[in-house]
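The values are calculated or read from the model by the stated rules, or taken from the named source; none is laboratory data. A quick note: this is a predicted structure, and the numbers were derived from the prediction, not measured. Neighbour counts are summed over all protein chains in view; Cβ atoms, including those assigned to glycine, are modelled from backbone coordinates with ideal geometry. Remember, those area values only see protein heavy atoms, side chains included, never the ligands or the DNA or RNA. Shrake-Rupley method; radii C 1.70, N 1.55, O 1.52, S 1.80 Å.
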Amino acid sequence: MTNRPIIFSASMVRAMLAGRKTQTRRMLKPQPELNAAGLWQYPPAKATECAPEKWVKRFGGFCQTDDEGLKSFLTPIEKRNFLPYALGDRLWVREAHAFDGPIVRYYATDDVHELRRKRPSIHMPRWASRLTLTLTDVRVQRLQDISHNDALAEGVEMESADPPFYYVPGIWPHSLTAVGIEEPGGRHAERSYAKLWNRLHGDDAWEANPWVVALTFTVANGNIDQLGAAA
């Protein structure tokens, strides 16, 4: 097990604090390449044909295979393969913050407008982190493979308006992520998440359907070092 930082926006921090968010998706880097034979190469530009028994290697190896083979190749079960994440890893959350003398204030929950020492999430020191995530599942998949339950675990909720709609609380206005249940096409929660993904990564990011690492986690309120060291 390892400890590493992970960045979240203020709205996603609030979702975790409220118990609404237990998953996050991060872009797989580098992205696999689709070759002329219609097979995925990983790492890009290095793949050669390989037998299934050679797919899983600890910090090396490469393969060309189909969608399901690539998922098996990259998703860590007992070995880390090419991913920086594995079951049991702990992630300390970096979020936007400010210093009020020696006290840390958080954009997600505190009033920081009058404070001068405002800092983006990337600059949060480890000692100031207040949330610790423990990974309970790590999967590699295409972005659009997200399920209804996965979208809910990402923080999407249904608003019981008339008519009801799915949206991501904390993103204003609600119309930025809202998808009414009366809209044709189905997959309403997933489409709400798609709007969130485009908001974060650009207008055509969902349509690009990249490979992502889907992380499922438990949330502990507390600094990672105060909660004890990882084994």
How far apart, in nm, are two points set 7 Å out from the Cα along the Cα-to-Cβ line at residue 172 and at residue 148?
3.2 nm
Kindly count the pairs of lysines across the chain whose alpha carbons are less than 24 Å apart, treating pairs on different chains or eight or more residues apart as eligible.
18
Hey, got a sec? Which GluC sites (Glu not before Pro) in the stretch 147-231 land in a DSSP loop and have at most 10 other Cβ atoms within 10 Å?
182
On full extension of the chain, what length is gained from residue 226 through residue 10, given 0.36 nm per residue of separation minus the C-alpha to C-alpha distance?
75.5 nm
Carbon/sulfur fraction of accessible area - the stretch 63-215, other protein chains in place, 1.4 Å, %
50 percent
Inter-label distance for residue 181 and residue 68, nm, one decimal - labels placed 7 Å from Cα along Cα-to-Cβ:
3.4 nm
Please give the net charge around residue 188, taking every other residue with its beta carbon less than 12 angstrom from that of residue 188, where Lys and Arg add +1 and Asp and Glu add -1.
-2
Chain lengthening between residue 159 and residue 26 when straightened (0.36 nm per residue, less Cα-Cα):
45.2 nm
Efficiency of FRET between residue 209 and residue 35 - r from beta-carbon atoms, R0 30 angstrom, step 0.05
0.95
For the chain, what's the relative contact order in percent, using C-alpha pairs closer than 8 Å and at least 6 residues apart?
25 percent
Would you kindly find the accessible area of residue 139, with a 1.4 Å probe and non-protein molecules such as ligands, DNA and RNA excluded, rounding to the nearest 10 Å²?
60 Å²
I'd like to check one number: the per residue accessible area of the chain, probe 1.4 Å, reported in Å² as a whole number.
52 Å²
Ranked from the most accessible area to the least, with a 1.4 Å probe and all protein chains present, what is the order of 71, 29, 118?
29, 118, 71
So what is the 222 nm mean residue ellipticity for the chain from helices alone, if each DSSP H run of at least 4 adds -39500 (n - 2.57) and you divide by all residues, rounding to the nearest 500 deg cm²/dmol?
-4500 deg cm²/dmol
Low-density loop positions, GluC sites (Glu not before Pro), the stretch 64-149 - DSSP coil, at most 11 other Cβ in 10 Å
78, 114
